[in-house]
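Take a look at the structure below.
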Amino acid sequence: MTRVSLFNSPLLLGFEQFERTLDRIGKVPNDGYPPYNIEQIGEDQLRITLAVAGFSDADLSVQIEDNQLVVRGKQTDDKERIFLHRGIAARQFQRAFVLAEGIEVTGASLDNGLLNVDLRRPVAETKVRTIAIAPAASKANGKTTIDVASDVEG
């Protein structure tokens, strides 16, 4: 099967990184655990909240890997506990979020079974840059030629 690229237009130059990012997003498993929210908490601030009931801060890790925010959780079974019924399993998870260029993770906190990861995105600045156009050099042996018209009648 032939793969069709979204960015194969000659008008889209230098977008190979976006294509790789989209490929990476497509390969992320979506098992739905843990559930999460993403909210805007300020003009340039975001918060990702993951429901991680039963996990302590020692069971969790938050890392940045190649423009991805990766949250991992691993619980261990307590061998000393005897369960008459076990409906809550000790489990592990990995949840990844692809971050845009310039997004910064400013902190993480665990509160009542909710892991909050705070992000700051830079405010987009409009940049205008004028490119100077250099005059073309003549191709006649590196010499510049000038055509002169004569108005003299003879």
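The values are calculated or read from the model by the stated rules, or taken from the named source; none is laboratory data. Quantities reported herein were computed from a predicted structural model and do not represent experimental measurements. Backbone-built Cβ (ideal geometry, glycine too); neighbour counts: all protein chains shown.
Within the set LEU119, LEU110, LEU115, the sole residue that is in a strand (DSSP E or B), in contact with a helix residue (DSSP H, G or I) (Cβ under 8 Å, 6 or more places away or on another chain) and among the hydrophobic types (A, V, I, L, M, F, W, C) turns out to be LEU110. Tallying residues that are under 20 Å from the mean Cα position of the chain (by Cα) and surrounded by 11 or more Cβ atoms within 10 Å (Cβ to Cβ) within the range 41-53 yields 8. Among the conditions (1) farther than 30 Å from GLU125 by Cβ; (2) assigned to a loop (DSSP other than H, G, I, E, B); (3) of a type in the set (A, V, I, L, M), LEU50 misses just one, which is (2).
Restricting attention to the range 60-72, the residues that are of a type outside the set (A, V, I, L, M), surrounded by 12 or more Cβ atoms within 10 Å (Cβ to Cβ) and modelled with pLDDT of 95 or more add up to 2.
Filter the range 76-99 down to residues that are assigned to a loop (DSSP other than H, G, I, E, B) and among the small types (Gly, Ala, Ser) and give me whichever is modelled with the lowest pLDDT. Step by step, filter the range 76-99, then rank; the result is ALA89.
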